[in-house]
Amino acid sequence: MIIFTGPTGSGKTSTLYTSLQTIATDAVNIVTVEDPVEYVLPGITQTQVHELAGMTFAAGLRAILRQDPDIIMVGEIRDNETAETAVRAALTGHLVLTTLHTNDAIGVIPRLKDIGPDPGLVSDALLGIVAQRLVRKVCTHCAEPYTPTASDLKLLGLKREEANSPDWRKGKGCAHCFQSGYSGREAVIELLNIDDRVREIIYEGTVTQLRRYLHEIQYDSFLVAAIAKVTQGLTTVEEVRRVLPHSAFAKPSANKVIPSHTNALRMV
C-alpha cells in the first residue's frame, strides 16, 4: 500500500491520478472507488461512492476485490472498516493506492493506528508514504539573484558554503506575475520508504523513535526537498516557511540536496 497525504489543495489527488496513468497498461486491471470521481481515466474502471444507496468506500472496496484487480485506488481512508479492508487487500497481492489527511508522512502512522487496523498488519502492508505541498515558483520574467541571509540559512540548517548561493532567486514583481514575484506552482514532496527497521517501529515502537531513526538515515523529508527547491532558485525561503508544516524545520539535520524530480513511482 502506498499512501499519499497532505491537506486539501496540496495536489495529492493530481499526483495520485498521474501515478495511476503512469502504471496503467493493458496487462493490469486497475479499479478505483472515489468520492467523487474527479478525472475520467481511460483504461481504468472507476466507481463513484453513493452512501445513500449503501455504496460506501468499504462496500465499494469489497465489491472491487471480487473483480480480480491488480491495482486498487481508494479515494480516501475515512474509517476503520475502509482501513481494515484496504490493508488486507494490500496483504493479499494487490497494490493499493490511497490518501489520508495528515501534516507529514510520519503523521500517517499514528493516524492509521488511531483509525484501528492492527499495527502488525499495517507494518506488513505499507510500501511507502508520500506527503506533498505546493509552493509558488519564482517568476521567471522578473527573477533576480538573491543572497541568503543568516536567518535563511539557519531555517534550512545550511552552512554558507553549502548554500549554492549563486542559484538563489527572488522575483521583484512584474506585469506577468501581477507584481507578486511568483508564477506557477511546484510540488515539494516528502518520501518515506518503509524498510525493515521502520516496520519494526510501526509494530512495537513510538512516533518519537520513528522520527529519530528517519533523521539518522537522512530520509527524503520536506526539509531536504525544500533545500533543493530553494537552492535551485525555484522558490524562496519565505514560501517554504509559509507552506510547509512547522515540524519540517524542527530538526534541520538532513542537509543533503535531492533532485526536484523525486516521485512516488520509484517505489512501485
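The values are calculated or read from the model by the stated rules, or taken from the named source; none is laboratory data. Everything numeric in this text was worked out from a predicted model, so none of it was measured. Ideal geometry is used to build each Cβ from the backbone, glycine not excepted, and the neighbour counts take in all protein chains shown. These area figures cover heavy atoms from the full protein model, side chains too; ligands, DNA and RNA do not enter into them. Shrake-Rupley method; radii C 1.70, N 1.55, O 1.52, S 1.80 Å.
Overview of results
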item	result
Whole-Hz couplings from phi, Karplus 6.51/-1.76/1.60, listed for the range 94-99; x for Gly and Pro	9, 8, 10, 10, 7, 10
Formal net charge of residues neighbouring Val96 (Cβ-Cβ distance under 14 Å; K, R +1; D, E -1)	-3
Estimated vicinal HN-Hα couplings, Hz - the range 211-228 in sequence order (Karplus 6.51, -1.76, 1.60; Gly, Pro = x)	4, 4, 5, 5, 6, 5, 8, 6, 5, 6, 7, 4, 4, 4, 5, 5, 4, 4
Mean Cβ neighbour count within 10 Å, used as a protection proxy, ranking 108-114, 231-237, 51-57 highest first	231-237, 108-114, 51-57
Charge context of Leu112, other residues only, Cβ under 11 angstrom, K/R +1, D/E -1	-1
For the range 109-126, Karplus couplings with θ = phi - 60° (6.51, -1.76, 1.60), whole Hz, Gly/Pro x	5, x, 5, 5, 4, 5, 5, x, x, 4, x, x, 5, 4, 5, 6, 7, 6
Spherically averaged projected area of the range 48-160 from its Cα convex hull (nm²)	11.8 nm²
Per residue value of the accessible surface for the range 171-229 (all protein chains in place, 1.4 Å probe), Å²	50 Å²
Cβ-defined net charge surrounding Leu65, 13 Å radius [Lys, Arg +1; Asp, Glu -1]	0
